[in-house]
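The values are calculated or read from the model by the stated rules, or taken from the named source; none is laboratory data. None of these values were measured; they are calculated from a predicted model. Cβ sites come from the backbone with ideal geometry, for glycine too, and all protein chains shown count toward neighbours. For the accessible areas, the whole protein counts, side chains as well, though only heavy atoms, and no ligand, DNA or RNA atoms are used. Shrake-Rupley method; radii C 1.70, N 1.55, O 1.52, S 1.80 Å.
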Amino acid sequence: DFVSRARALGVNVTGVDPAYALDPDGLAALGTKDIELTVAAIRAHGNTLAGADPDKWGAAKHAALTEFLEDFRRHSPGRAEGPDKTQPRYHAAALPDLPFPDQAFDLVLSGHLLFCYAAVGEGGIADSASAFELAWHLEAIDELARVTRHELRLYPVSRCDQPPGSGEHPYLAPVMARLAEHGFTPTRATPDYDQGVDPEGALLIASR
């Protein structure tokens, strides 16, 4: 529900995800299934993503899904209403190919994709068949840098395949070097929230 909440605060926000190609009913089914599977996995493995209360975490996700779907029905491609009907809030697209012109956005946020879905053993949680390897990460960084005017933020950049404090993500150094090649100054920061990964330096901020 990030796009909906940010828009309510007066921020001009665009959401991008390949799942936005689905209709609202399809997204509702996908989101519900994902929440239920994640809660079950948290209970089975003791993952700290949900803190001490997986049920409370799941309820919050269901509430966010409901708010998102209400906004998506009004502002997705072909269903947008109001003065911004020609500029839908939601675009179905996937890295490393985004349908936007160069430097289209002042601030670009990418959460829980890069770094997270590297392979287990390479810092991420994906099996080797579905992992996004380093070459894909660098292509994604090239594209994110292309559409960013001022600042790019990536979260989390911590290892997701080992307990907190287990060492730096193996893709972090090459990603930071690539950002520098694009004229960005990348720095790590510790956010004031924790979603189960090592919070120390989990946020990467690249500015120019």
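Side notes on the structure shown:
- Paired Rg and Dmax values of the stretch 124-208, which use every Cα atom, in angstrom: 12.9, 36
- Backbone N within the stretch 117-152 under 17 Å of label point (7 Å from Thr187 Cα along the Cβ vector): 150-152
- Relative contact order %, the chain, counting alpha carbon pairs below 8 Å whose residues are six or more apart: 18
- Ordered by solvent-accessible area of protein heavy atoms (1.4 Å probe), largest first, the residues Phe2, Phe115, Phe132, Phe68 come out as Phe2, Phe132, Phe68, Phe115.
- Integer Hz, Karplus 6.51/-1.76/1.60 couplings in order for the stretch 176-187, x for Gly and Pro: 5, 5, 5, 4, 4, 4, 8, x, 8, 9, x, 9
- Taking all protein chains together and a 1.4 Å probe, the residues Glu139, Glu67 rank Glu139, Glu67 from largest to smallest accessible area.
- Convex hull of alpha carbon positions in the chain: directionally averaged projected area 11.8 nm².
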